[in-house]
Structure formats: C-alpha cells, structure tokens
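Contents: one structure, followed by commentary.
The values are calculated or read from the model by the stated rules, or taken from the named source; none is laboratory data. Please read these numbers as outputs of a predicted model, since none were measured by experiment. Positions of Cβ are backbone-derived with ideal geometry, glycine not excepted, and every protein chain shown enters the neighbour counts.
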Amino acid sequence: MSPQTTVLSNGVRVVYDHMPHLETVSVGLWVDVGARHETLAENGISHLLEHMAFKGTKRRTAKDIAEEIESVGGHLNAYTSRDNTSYYARVLKDDLPLGIDILSDIVRNSVFDENELLKEKEVIVQEIGQAEDTPDDVVFERFQETAFPNQPIGRSILGTVDRVRSFCVDDLNSFQAHHYGSQAIVVAVAGNFEERALIAMLEDALGGLKTSNLKSVEPARYVGGFHATEKNLEQSHITLGFPSLSFNDPNYYALQVYSTILGGGMSSRLFQEVRENRGLAYSIYSFVAPHSDTGIFGIYAGTGPDQSKLLFPVVADEMKKMTHLVTEKEVERAKTQLKAGLLMSLESTSSRIEQMGRQMLIYNRPLEVGEMIKRVEAIDKTSVENVAVQTLEGAKTVAMVGKNTPHGDIEALFKA
C-alpha cells in the first residue's frame, strides 16, 4: 500500500503507511523547528525544549512517562536537528492509543517545572561536555561553523553552556507558543493499525492544537574556510567539505550516486585507495548533508597525525578523476546500493516514519518508493561526472582536530 495523507481539522498534516503483516506500529510527531529557527540569544533552546518535554506534563510525571511506555514494551525518544524536532514511539499494535496519547501529552501539555528545568539544563551542560570530549563530534561542529559562520545553520544544536544556563521557563513557553503551532506539525505513522480509528485518535489528541505565527528561517550563506583544533590525540579527525545541493535540486539523486561511488562503502574509491591500497586511514567516507535551501558534500577521515598530510592529495586526486573517469559499472553498482537501501528501509516502521515525516516537511507530500527508484534509475555516467565537476568548483571547508594539523594550500590541490 502506498502512503496516504490527510489533514486534521486544525491543519496538522498526517501521513501513514498501513503494514498489516506486522505486530508493531511506529508513530512520530515532526515539528518544523530546529536550531536554524533560533536567534543567537535562543541558540540551544529547541534542544532544551525537546528534553523538557519528557520531564513532566499536566497529567504525568517524568517517571510516569517512562513507566507507562516501558510497561507495554514500547520505546519513546526524540531528537533535535538544525531543521526540525522529532518525537516518536514504537509500540505493539494494540498499544497505539497509548503511544499517541503520550506523544501528544508531552508535546502539548509539558509543564516546564522550574526545578526540573534547573536539573535538565545541567544534564545538557554535561552533554555539551561529552561532545567536546569526543573528537569526531568536535570536528563536525567546527566543520559546520566554518562552512556557515555567524548564522543559525552554522551554530551548535546543543547551544553553549552559558546560553543553556540562561534559559528560564518563560523562554520555553514563548518559544513553544511561536513554533509548535498546528501548521508546523506532521504526524507520521507506519505499521499495523486501522485507518479510521487512527484518524479519530489523532483528531482527539491533536485537534485542539492552535496555529501560531511561524518565523521564516534565515537563508543559508555558505562561506567555507579552514579550522584546526590542536589536541594531543592518537588520531587526526578531518572533515573536508564543498557547497552542494538542496533536497529540491534536480541533480540531488546524481549527487547521491556520486557520493556512493566516491566514499559510500568498502567498494568505494576512497575506501579502496586510502585505506586498502595505501593504509592512510582506518575510517574514511563521504556524506551528503542537504537542507531545504542548501547542502554540503563532505568527506570524513580519521588518520594518524603523520598520515594526515598525505591524505589530502590522494582525496583530491580521486575527486578529480571522478570528473571524467567514472565507469558505467560503478554507476550501476551505486544505483543498486541506493535502491536496496530504499527498499530495506520499508521493512522498518521506525525508518519509514522518519522518511515520511521528513518528506512531508520538505515536499509537503510523501514520495512514492517507485518514484524515488525511478529518479535513481535515471542517473547516468554523464550526470555523475557533471556533479563531480560542480562539486570541485566551490570553496572548500576544512576542519581538523588532532595534533600536527597541516596548514598547506588545500584549495590548490583540488584545482584541475
């Protein structure tokens, strides 16, 4: 069955995929607000608000929330990204009413108790500290800041210690009132459920949610540059990035094929050349990080300090080869990998709601799997090489964490 959509009486969008052969169901609420929607003074508040949703409502304590979902063997969690915030649950099919009730309760009725807020702010301070102690987290934070300096999309999702500690209950209530309106919310459901009962439950749980005056996000301005954090580590952690494509770009699927060929697995060019043939890194891969209005294509590598200076010329050489030496066999293999990933994601209700929820926020409709596969199938050698050329034309972003980080002319290495 293809995913279906409906709209509740107050404008909340619903997308659902009936999978009757399963014994479980996943349900998630996606809110169209994340770190990109914050002012500088608000940086970190989306993430704090997500945490506080679990700390008690008008009907449940934090312990009640945990015990009720776990007493039926269910799973409840949430995350904040730069673009949106998600709250989701997975339960047995008969427990869907409970899953919906808890999710709607924590999103609509959180009380933001002052004492709980004080404790949770310190929890996030610890989370920030843990991230700063994890070099592969640090390098991606510095990477984002360097690519998009002095703008919301470049700031940390977690915020800073000082800002997190400065937030009060009124700040949370105000931010939620401005951003958690009905028109900003998408509900995604996948698994075994009865359609009419599902819509009735959602209408009862969320139909009273009011609209709000949503703020538009600041358009992204890619800049790029170089950042090095000296740390006495056994490995140097390196990210290399290029301005790239948004979700809406017609060449988005060609970019996915390009990334898969270059650094998408053990058969990829970077893995084979950097790790297998030269032994320059334990971990190396490429990634695509798209948004609604921009994107980054990047490469991550973890390597020894002495090997890091040798890594960039090899990566540059492989990327330049991709502009004119892509083979039909590589394209077909990458397309098969992408199609297999899409089809395998259908077997997980959690993956399915993630896919449908994000698609509704980006395109305002779910994409049919057949449609996505057709777009992948349309990619050929020429379209991949064109994306490779376009990628190299942009300014570079380099972030490094480790010791003896090189400061050579990296831009020159990538010139044709």
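Structure notes:
- The set of residues in the range 110-129 being of a type outside the set (A, V, I, L, M, F, W, C), surrounded by fewer than 16 Cβ atoms within 10 Å (Cβ to Cβ), closer than 27 Å to THR61 by Cα and out of contact with any Leu (no Cβ under 9 Å at 6 or more places or on another chain) consists of GLU114, ASN115, LYS119, GLU122, GLN126.
- Residue within the range 74-93 that is assigned to a helix (DSSP H, G or I) and under 25 Å from LEU361 (Cβ atoms) present: no
- Hey, PRO290 in contact (Cβ under 8 Å) with a residue 40 or more places away in the chain, under 28 Å from the mean Cα position of the chain (by Cα) and surrounded by 15 or more Cβ atoms within 10 Å (Cβ to Cβ) or not: yes
Here is a yes/no grid of residues against (1) under 22 Å from THR239 (Cα atoms); (2) free of Cβ contacts under 8 Å to residues at least 24 places away in the same chain; (3) among the hydrophobic types (A, V, I, L, M, F, W, C):
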site	(1), (2), (3)
LEU280	yes, no, yes
GLY298	yes, no, no
LYS309	yes, no, no
PRO313	yes, no, no
GLU332	no, yes, no
LYS335	no, no, no
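- Of the candidates PHE247, PHE193, PHE271, the single residue that is of a type in the set (Phe, Trp, Tyr) and either in the same structural domain as ALA35 (by TED's automatic domain parsing) or at positive phi (or both) is PHE193.
- Test: ILE128 is assigned to a helix (DSSP H, G or I), in the same structural domain as ALA197 (by TED's automatic domain parsing) and over 30 Å from GLU195 (Cβ atoms): yes
- Scanning the range 1-43 for residues that are in contact with a strand residue (DSSP E or B) (Cβ under 8 Å, 6 or more places away or on another chain), surrounded by fewer than 21 Cβ atoms within 10 Å (Cβ to Cβ) and part of a helix (DSSP H, G or I) yields a count of 0.
- Condition met for ARG142 (modelled with pLDDT of 95 or more, surrounded by fewer than 16 Cβ atoms within 10 Å (Cβ to Cβ) and not aromatic (Phe, Trp, Tyr)): no
- If you check ARG59, ARG36 for being more than 29 Å from SER166 (Cβ to Cβ) and basic (Lys, Arg), only one passes: ARG59.
- Residue in the range 305-321 that is within 21 Å of PHE414 (Cα to Cα), in a helix (DSSP H, G or I) and polar (S, T, N, Q) present: yes
- Any chance GLY298 is touching a Phe, Trp or Tyr at 6+ places or on another chain (Cβ under 8 Å), under 19 Å from GLN390 (Cα atoms) and surrounded by 17 or more Cβ atoms within 10 Å (Cβ to Cβ): yes
- Test: residue in the range 130-140 that is among the aromatic types (Phe, Trp, Tyr) and under 23 Å from the mean Cα position of the chain (by Cα): yes
- Test for THR160: is it surrounded by fewer than 16 Cβ atoms within 10 Å (Cβ to Cβ), of a type in the set (Ser, Thr, Tyr), under 30 Å from GLY241 (Cβ atoms) and out of contact with any Cys (no Cβ under 6 Å at 6 or more places or on another chain): yes
Residue by residue, here is whether (1) at pLDDT 95 or above; (2) closer than 24 Å to LEU29 by Cα holds:
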{"residue": "PHE271", "(1), (2)": "yes, no"}
{"residue": "PRO305", "(1), (2)": "no, no"}
{"residue": "ARG333", "(1), (2)": "yes, no"}
{"residue": "LEU343", "(1), (2)": "no, yes"}
{"residue": "SER350", "(1), (2)": "yes, yes"}
{"residue": "GLN355", "(1), (2)": "yes, yes"}
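- Residues of the range 44-73 that are under 24 Å from the mean Cα position of the chain (by Cα) and either in a helix (DSSP H, G or I) or at pLDDT below 95 (or both): ILE45, SER46, HIS47, LEU48, LEU49, GLU50, HIS51, MET52.
- Failed criterion for LEU311 (all others in (1) within 28 Å of ASN192 (Cα to Cα); (2) surrounded by 17 or more Cβ atoms within 10 Å (Cβ to Cβ); (3) at pLDDT below 95 hold): (1)
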